[in-house]
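Below is one structure, written out as structure tokens; the observations come after it.
The values are calculated or read from the model by the stated rules, or taken from the named source; none is laboratory data. It should be emphasised that the depicted structure is a prediction, and the values quoted were computed from it without experimental measurement. Methodologically, a virtual Cβ is constructed for each residue, glycine included, from the backbone with ideal geometry; neighbour enumeration extends over all protein chains shown. For the accessible areas, the whole protein counts, side chains as well, though only heavy atoms, and no ligand, DNA or RNA atoms are used. Shrake-Rupley method; radii C 1.70, N 1.55, O 1.52, S 1.80 Å.
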Amino acid sequence: KQPCPTQFADARLAWGSRLLSHQMPCAMACEEDWLAAGYGLAAVLLVFYFLCEGGLCHRSHTTESLYLSLVLLLVYVTSASWSYANDGETSIYRLRQLMRLMLLFHILRFYVFPRAQPRFHGEDNAWAPAKLWMPAPTKYAKEKAQELQDLMDEVLEVSYEDGSNAGQYLAPALFLILMLEDVLLAYSKIMDAMEIPILVLVIWMHLYSCYFAVSRFRQWSICRSAIHDLLVDLLDGRASDVLQHVLANISIGTLVELASWSTLDELIRRALAEDLLCTTSKAILISALQTKGLRWKTRVRSAVCNLILSCSGSELTMLKNLIDGSGTYHNLYKLIYTDISSRACRQEVLAHLIEEGTRSRVELGRAVDVKVLSDVDDTLQSSGGRFPAGCDRHFPKHVVYPGFLRLVQVLDRGWTPERPSCNLVFLSARPHLYKDVSEEKSFRLFRGLIDAGRMHSFPTLLPGRMKPGLFALSTFTCLRAKAWQWVGNVKYTTYLRYRDLYREYDYVFLGDNGQGDLLAGQQMLAEQRQRIGGDATDCSMRQVASKAQEPPYMVGASVFQITAPKNSVASFGSSSVEHLWSVDPEASGSCTSEPIKVRTVEPSISNQSFASPDVFPRILCVLIRQVKPEKKSLRYKKWPSSGMSEEQGLLVPHQTYVGAALTLHRQMPSLVSVHDLAGIAEVAVEEFDAARWAKERWGARWLPAERALRKDLEEAACVLRAASLPEPPRLRTFAELMQAEGWKRSRVNLLRGGGRTLPRRSSKLSQVSSVSTDVSPSAHPSAA
């Protein structure tokens, strides 16, 4: 029997339905795989971008912009392909592509193309006084500076208003498009009518984006030629004052981004050959090139090295301090040990720095000044006992310790408001992550203290390393204090490497015994004792002071046999310095207490033998703030078990900075005079009162810190009475302070530059009203 034709049709339809049902999941799976592959590749590229800060994608700001543009385009193409496969060629699909294009165009316009960089003489760095040294500008110099700035503004569109308007109109336009999407989904007739207009808008956005990019790059090329001609004209005129004024009054960072390298190379090469640059101009160029990036650029690296090698003596000292005063994570330490990736180039520059630093000490017969190295958490400000920042629970979190800032100003003997000096250096255990992500928090604190008039100079920040920090965090539960041993070794290594950059300085180290600062300080003193010979008892403050040169607060090193030329000036070759950094097993995470071995082949001077007592940098003292019992602190195992007494050794444990200043005054009066002691005590009382006003809720927990400060103030009062000086202000109890005056905004502003007034709590006053002002001299904060 023959089958009916309709049966054949039904069979074919059923077979086609089954085939389609099998093929659809496969097609959808392929589309999802394509989407996952595209987004996954973009995520990998972004992770590589942030983790490999020294990679090829960070050669310069232009390279970073192009790299990020490729990642954005990859995301856009992946999203557009997936949307087309799911939505098809519909109005909704085109509308979504229009929104993506608008966002992509906004990102490329405002974050990829070169942007204006800050000028050298900014408010957030230590370079502002350097502008006063520049010669008075002529009318011609002002005209040239303005002409060059106008050329850069033309490319950056700073003088136009369309850039800001584009950002203002983006949010309303996206909102209207989202509303239009809902209308199209609700009414199919409107969707069919809007299909062609939306397609036209999408095509127009593509074309306008290409036109904008081409026009910007064309304008950039024309501006480059004009900038080159203008700078060559300045070099041909050989007017050093005009060139120096131009470099000091325009954004050199922006110029480095816009000008071609041939222009910058000719500027640096000819200016150095014809001696047209002053010290400030050289620092401006080095700072701009370091910000641009020089790790993967041989010519840029050579130019920076030539700028450094062109300076000597006091000029080189000033150049180094200017580089360190940027107010950012870019500093001399990072420039030498990270940015200059060529080992030969680094050794040449480092040998020059050591040579000139030692020459300055020999010529002067003493150290140029004192560099104050300090920790941040539990040394500058309290961590509030919050792990992993610190363990000090005697002060509220983020309270700057009373008297610290005044003490470091006293120790920075050579500082003057007219002369930028970055003698305050913070060695932080916080690791460097990506650019200034981790350092910006500390710099905000520094800027706040400077704006409030409490910190005398803008400091330099040297961050820690990632591996030691992660090791300490992961093993602290098991190892407790020993977990911070690697962190302490890193600080010790950082000190040794930083010391090679500033051989003409002596050093003071401030830290706490909560983590690895005590270990680092003891290693510094042990290395110094090994270098000069003798045992622990030979390394005392009085013997150090007796070896000092004029002025008396400068401390010299031990006697070295040196030979010098006829003019008695040290002359070293670049090949005479060899730095071999071999880290022992402790640096890899082991818990042994061997020091990090650093071998330095010292420069030699020939022709005439003489002995100099101050040819090598010295650690004047190590101040360790006690935030935990001594038995629980991490110590250097080769340190004498009996320690060094507070009156004899260079290691000074203390509970308050008034006590630290008192010990320094007794052992080395030329470093902290009796007038300095009086000033530190007075400021400490004022800042402690301001801290109690700002943190009134801390209540009775202020008592241990109050007892320790009162004990040291009483001892300081005896010294001041013996010198016929006024005694420091009486430290009132917390209850007296609250009942006497009430809230005052001026006290809060003294501490933080402003603050929120907190309501008074009578219950907290009752907690401390019965406290007596008589405190035993043996009282310790940890005993409360």
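Annotations
- Modelled FRET efficiency - R0 56 Å, residue 77 with residue 630, Cβ distances, 0.05 increments: 0.30
- In the structure shown, the pairs 320/397; 397/631; 482/695; 371/397; 371/628; 397/632 are assessed against 29 Å; a Cα-Cα span above that value is assigned to 320/397; 482/695.
- The distance separating the Cα centre of segment 271-302 from that of segment 395-443 comes to 27 Å.
- Charge dipole magnitude, Cβ of K and R +1, D and E -1 - segment 208-338, Cα centre, debye nearest 20: 620
- Here the Karplus curve 6.51 cos²θ - 1.76 cosθ + 1.60, taken at θ = phi - 60°, turns the phi angles of segment 226-231 into couplings of 5, 5, 4, 5, 5, 5 Hz, with x standing for Gly and Pro.
- Three principal axis extents of segment 173-306 based on alpha-carbon atoms, in descending order, are 76, 27, 27 Å.
- Of the accessible area of segment 189-242, computed with a 1.4 Å probe over protein heavy atoms only, carbon and sulfur atoms account for 66 percent.
- When the surface is traced with a 1.4 Å probe over the full set of protein chains, residue 196 keeps roughly 120 Å² accessible.
- Figure note: 45, 151, 267 ranked by solvent-accessible area, largest first, 1.4 Å probe, ligands and nucleic acids not counted: 45, 151, 267.
- Heavy-atom accessible area per residue - segment 645-741, 1.4 Å, Å²: 35
- Kirkwood Rh and Cα Rg combined as Rg over Rh, evaluated for segment 245-353: 0.92
- Using heavy atoms of the protein chains and a probe of 1.4 Å, the accessible area assigned to residue 217 is about 100 Å².
- Sorted peptide list for 490-499, 65-74, 730-739, criterion being average Cβ within 10 angstrom, highest first: 490-499, 730-739, 65-74
- Each of 92, 107, 203 has its accessible area taken with a 1.4 Å probe; listed largest first, they run 203, 107, 92.
- Taking every Cα-Cα distance in segment 196-275 and sorting them into 10 Å bins from zero, the calculated P(r) comes out as 15, 38, 19, 13, 10, 5, 1 percent.
- J(HN,Hα) series, segment 390-405, from Karplus relation 6.51 cos²θ - 1.76 cosθ + 1.60, nearest Hz, glycine and proline x: x, 9, 7, 9, 8, 10, x, 5, 6, 8, 6, 5, x, x, 5, 5
- Computed lengthening from residue 187 to residue 700, 0.36 nm per intervening residue step minus Cα-Cα distance: 177.7 nm
- Local electrostatic count at residue 232 - Lys and Arg +1, Asp and Glu -1, tallied over other residues with Cβ under 15 Å: -2
- Amide proton proximity set for residue 651, modelled H, under 5 Å, gap of 5+: 622
- Whole-percent pair-distance distribution, where bins are 10 Å wide, for the alpha carbons of segment 318-451: 10, 34, 34, 18, 4
- In segment 264-333, trypsin sites (Lys or Arg not before Pro) in a DSSP loop with at most 16 other beta-carbon atoms within 10 Å: none
- Solvent-accessible ranking of 430, 218, 224, largest area first, probe 1.4 Å: 218, 224, 430
- 5 Å-binned pair-distance histogram of segment 387-439 (Cα, whole percent): 4, 13, 16, 19, 19, 17, 10, 2, 0
- Using a probe radius of 1.4 angstrom, the carbon and sulfur fraction of the accessible surface of segment 373-527 is 54%.
- Gain on full stretching of the segment that runs from residue 337 to residue 219 - 0.36 nm per residue minus C-alpha separation: 38.7 nm
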